[in-house]
Structures are given as structure tokens and as C-alpha cells.
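Notes to accompany the following structure.
Just so it is clear, none of the values below were taken in a lab; they were calculated from the coordinates. The structure presented is a predicted model; accordingly, all values stated were derived computationally and were not measured. FYI the Cβ positions are ideal-geometry reconstructions off the backbone, even for glycines, and counts take in every protein chain you see.
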Amino acid sequence: MSTPSIANEQLCSQPSTDMGHVSELLQNCDWSHSPLGAPAAWSASLKTTVRMMLASHAQIVLFWGPDLAALYNDAYAPTIGEKHPGALGRPAVESWTELWDDLEPLLRRVMETGETFSAQDRPFYIERHGYGETAYFDVSYSAVTEVDGSMGGVLCIVSETTQRVLSTRRQALLLDLEDQLRAANDAEHAQQIAEHLLRRELEASITYFAEPGALLKTPFQGEGLASSGVSSPAQPSSHTGVAFTRAQREASDHVFEIDVPVLRNGAVIGQFSLTRSIPRHWTDQEVDFARSVVERAWNTAERCRAERALHELNSELEDRVAQALRQKEEALDRIHEMQKLETIGQLTGGVAHDFNNLLTPIMGALDVVAHLQGSDPRINRLTTAGLQAAERARTLIQRLLAFARRQHLQARPTDLGSLVFGIEDLLARTLGPQIRLEIECAPGLPLAMADPNQFELALLNLSVNARDAMPEGGKLEIALSDERVAGQTHLVDGQYLRIAVSDTGSGMDTQTLRQAIDPFFTTKGKEHGTGLGLSMVHGFAVQSGGHFSLISEPGRGTTALLWLPAFLGHADVEPRPGKVDTRVRRTQPATVLLVDDEELVRSVAAEMLSDAGYTVLQASSGYEAIAVLGKHPEIKALITDYAMPGLTGAELARQVAKLDPALPILMITGFAATDGKIAIKTPRLSKPFGQAELVRAVDSLLEHSQRNLDAV
């Protein structure tokens, strides 16, 4: 290696904030420390070459003179990163130190022979962003002569191909990985294949797979790489609703470790960690590559475990062949269980929506008939019976929606202890005199973030199940406590309220316990249960951001465990409403616009409102509603269905809010949930509803609007 003849001093010590000013830097630098001297004294050949280089859009660097002093253009400056602008005018050995043993022979050969050197995807080890890396370039090195024919320097035209080279290589590595994993028949072997690949490709010192809270195997340490000083792997975290895997990185650009959590249905089931003994920058491409390798390896490991389980089942003794075959079938069925439940949930939600649309005109018509014929006892009996049947149907639909996780949860800070003690009498009457009810509430419990009505319904369902499991009597205990959760599969780390409902009943065997929360599964006799109670509780828990599980043994009773997220802020708890007034009051005259594409629902709802004293205008679509609003300025409120073809209720609400921000809007939905797609805040009324509910909702809407106007 040659030594520089001039002291290592930068000509331009202040870094440029704009990579597009190389020409300005050349003019303003102190050239007294450069072997090239002042630009005014440069040779004609050097000046001509520099002018050509600065005007070019290609990445060009010129090494000139016996010291190979470096000059380059704007396009080349980003290629050397932090070396710019200190490399300008200085001997190349000073700024390209880490690759000088590789670069100098190429430059000297071109200067000695005058021959052009070119190569594609030529690797160079370079330090340019605070860390070393191997980069790839298409290069062309050509000699530049002085006017007298002597050798002046080497003109290097380069084009970085690092991303293309790495992408091509890693695609090939993934294809080779799939071939190796396809032949793997052991889960640990599959993981080891991935570990070796990532350790080699990403230069990691330690790699390992882990389940939450426990390692699957001993960490693998690479030969010749120290492990001291490596930070501990981060605890895996759950991200509901994300893809199969997602790489997590620390905030700093230079870190010891990257973690790739493995998710199933929004819950972390494992993690892969990759660490280095010294910090480095992890690019997005490297993280994506690690994620792809981990995903393939984990899938193979799961396949291997499933195959091993099947092999063990098939290796049972001959007298247990029948039982082993049943277990094998159950294991295979379990693989598709969640997908089937999701499909059933979607179907159930759609059916419930259609039933809500059917029940709305039924309940409304019975309400109006009862009101119009209030003096006829026979009609009163018939309408009362019809309304009771419709109410039972509504309750069933609410359970279907809860199972499908499509009900609208009005989650708010809730004092669960006060709520449970508030319905103690109701629970006691539900259980009957043969069952002793005990309620234990830990002191100082935080509020829960939950829908109080749905929580009451869930608690009643659990109590009814417990009662039916104790036909000879017994004890039901409801215990409330708070718990800090970390590293669990089904819950995101955080604070939770834990509600344990324990009975002294008959308990359940393993098979029954496994099926207990499946929809429509019941051990009760015909007409004594729908099989949706526990499914509803499970759906409510998951939709609330919590979890639900059962612990039971035959003859030892059952404990149902419900976790709901804690609310740790400050909030005023709303008082529990009293008994709902079902009477329809006569209202002040007002004109309202009713929009629904279902004619039957729309006509009955219009009749209910008209009977209460409203003047009702109707529209069968969102577009028709906008036209009606333009012709009738006397309209005081808009009542619209959510799910409509063409212009949905949410879209209609947004357009109306722009035209008349003061016009109050009531949204009606058969799904009882709109997935947060309504951009503005609007009161909502769930189908099915009776006349009193509809009128009360519209009255409240108008009263609130009037108060806002009075305040102005």
C-alpha cells in the first residue's frame, strides 16, 4: 500500500447539507493541502476532464496524479456517504482505506497499461454510513492522459447494483431454503436450517427461535463471533389484525437485535431473534428477508410437529388403534376449526342482519296496532304475545351477533363491582333458593373498559349455565380481581379485570370442555338451550379486547374466567339506567326525512313516527334523500338506514353534514355495528326496534339539536 505524501487534512471540513454542490465545494475549498494544488494551476487535461465529469448525470469519480487524489461529481457523492466532502482533493488511500488493498491494484493497472477495466456487479467492502458493508457496482475504469501523452489519472464510471444483487441472491436463497425445508422431517432441524442461513447472510452472532416466555432450543452461537455485550431479546408483543409475521425493530438505526414475532389470529405464538456482538444498521430489505425465512421455517416446524404427532398416534398399541384414529381425526379437524368458526360467524352475522330487518316492521306494526286498538282486550292479548315473541327473537339475534362478534359494543369506563352488586338480586332470583350466591370483590379495583349491558348479559349466561349444572343445589361464587398480564398467548400485555364464576356442579369431561364454546353445542335437553350462551360470552370477551376460558373436571365443578381490559385513566362512571319506559308519548309537530331501501321497514317506521305526531317524508335511497332535502327546508331531522346500495347511510351522512351541518342525523343499522366507517359522530339505533324506542330516539335527537341552537 502506498503512503500519502501530504498530511491527512480535509480541504472541506464542513459537511455539505446538499449533495448537489460539488462544483461550489471545488471553488471554495482550501487547496493548499491537496497534492493537486489550486484549480487555476491544473493541467488542461485535468480541467477538461473535471468539467465533463461535473456536467454528467452518471456516477463518476476521478483519481489523478501519483497520489491518486480523488475528485467526483454530484451523482457520485451519495455513493460514499459520510466520506463526502472530506474525500475531495485528498489521496484516495485516506478515504478509501478499508478497500485500498482491493482498489489500488485496479487503478495502478489501468495507469500502467492504459487499458480499460470493466466489470459487472463487482463487490467492494466500503464504510460509508458509520458501518461496513459489501456493496456491488457495475464499473468502468479508463485511463486519462495529459496533453503530452503521459498518464494523468483514472476516470471511474460506476453504477451501484447492491440492491439488485442482494435481491437476486436472496430470492435464490429463499428458493434453496424451500427445497431444504421440504425435505426436513424434524421441527428443530427446520429451525436450524433457518438459523444457519440468517447467521450467514445477515452476519449474526446469535440466532434462536422462542415461544413466549420459553426458548424452544439453546441459542446458536456462530463460530468466531463473540456474544458478549449483546442486549437481551425483547419480549414478544401482540398486534391484532396484522399479517402472519411482522418484524419489529428498535427505534435506533444502529441496534444489536431484530425480533420477528410469529402470529396466529392476532396472538403471538413464538418469536425469532437475531443479534450481533456490535450494533449495526438493519435495512428494511434485511428485515423483510428475515421475516420471509422465519415464516417458512415456522410453517415447516409446525408441519413437522403435526406429522410427528400423527406418527406417534399411529404407533400406539393395537388395542388402542380405534382411539388413536379418533384422535388423529380430531387433530386434523382442529386445524380447520378457526376457519370454520369464522365462516359460520360471517354467515350468522348476515342472517342476523336479515332477521333484524324482518323483525323491525313486525315489532313496529304490533306496537301501532296495540296503540290504535288499546281498548280491545283480545287484540291486546294477541299484540302482547306477538311482541313477547319478537322480543325473544331479538334476544336470540343479539346472541348470534355476539357470537359473530358483530354487535355494537358501547364500551366505556365501568365499575364492574358496583354493577355486579347492583344485579345481585336478579342473579339470586335466576339461580333459585337451592343455590347460594357469594360475591367477592377485591378492594381498589380499577374501572374496566367494557359495555356494561353486554357484561350483564354475559354474567347472566354464565349464571344460568352454572344453575343448570347444579340441579340439586350448590354454591355459585363470583370473584372480581385485577391482574397484570405479560407474555400470555391470548392477551396483549397490560392490566385486566379478572372475573371468575365458579360453581360446585357436575363439571365437564375433556371432550365436553373442548366443545363447550362451540356455537350451537349444548348438553341440555331439547328446548332448554340454544347452545349460544358461552359462544356469546367468548365473542363479547374477544371483541372487548379480553379473553374467555373454562376450567372444569367431572364432579369438581366449573370455573369460567373472563378477562376484560382495565381503564387506567380518570372518568366519571355513568349511572345505570332505570326501567325503560315503553309508552309512546305525543311529540311536538316536526317534519323528518326517513331513508331506507327496504320498503316494508320504511313504511312501518314511517307509520310509527306519524302515529306519534311527526310529519314523515320518505326516500328509498341516499340520492333520493339529497333531492328531497333540497326541496323541503322544513325538515328538522334525517333518519337513515346504514346499509343501502349505491349511497350508504355513512356516505349520505357525510354529504348532508357538508350541506347542512346543523341537521341532526340518526343512523339505523341491522348489523348493530358499522366498523367505525361513519366519519361524523351520529346517534345510532339498532334494529329491530319498537315504536317507543324509535320515537324516543328521534325525540332525543331533536331535543339535543334544539339545545345546541339555544346555546348559540
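Odds and ends about this structure:
- Burial ranking of peptide ranges 31-42, 502-513 (average Cβ count within 10 Å, highest at the top): 502-513, 31-42
- Qualifying chymotrypsin sites (Phe, Trp or Tyr not before Pro) for segment 419-523 [loop in DSSP, other Cβ within 10 Å: at most 16]: Phe520, Phe521
- For Thr591, residues with placed amide H under 5 Å, excluding near neighbours: Thr615, Lys636
- Volume in Å³ per residue [convex hull over Cα atoms, computed for segment 591-711]: 98 Å³
- Beta bridges by DSSP in segment 416-567, antiparallel share as percent, to the nearest 5: 80 percent
- Residue pairs, from the table Lys658/Lys681; Lys636/Lys658; Lys631/Lys687, whose Cα atoms sit over 19 Å apart: Lys631/Lys687
- For segment 610-623, 3J(HN,Hα) computed residue by residue from phi via the Karplus equation (6.51, -1.76, 1.60; θ = phi - 60°) reads 5, 4, 7, x, 7, 8, 10, 9, 10, 9, 9, 7, x, 5 Hz, glycine and proline entered as x.
- Packing-based ranking, highest mean first, of 690-703, 137-150 given that Cβ atoms within 10 Å are counted: 690-703, 137-150
- Ranked by the mean number of other Cβ atoms within 10 Å of their residues, highest first, the peptides 610-617, 295-302 come out as 295-302, 610-617.
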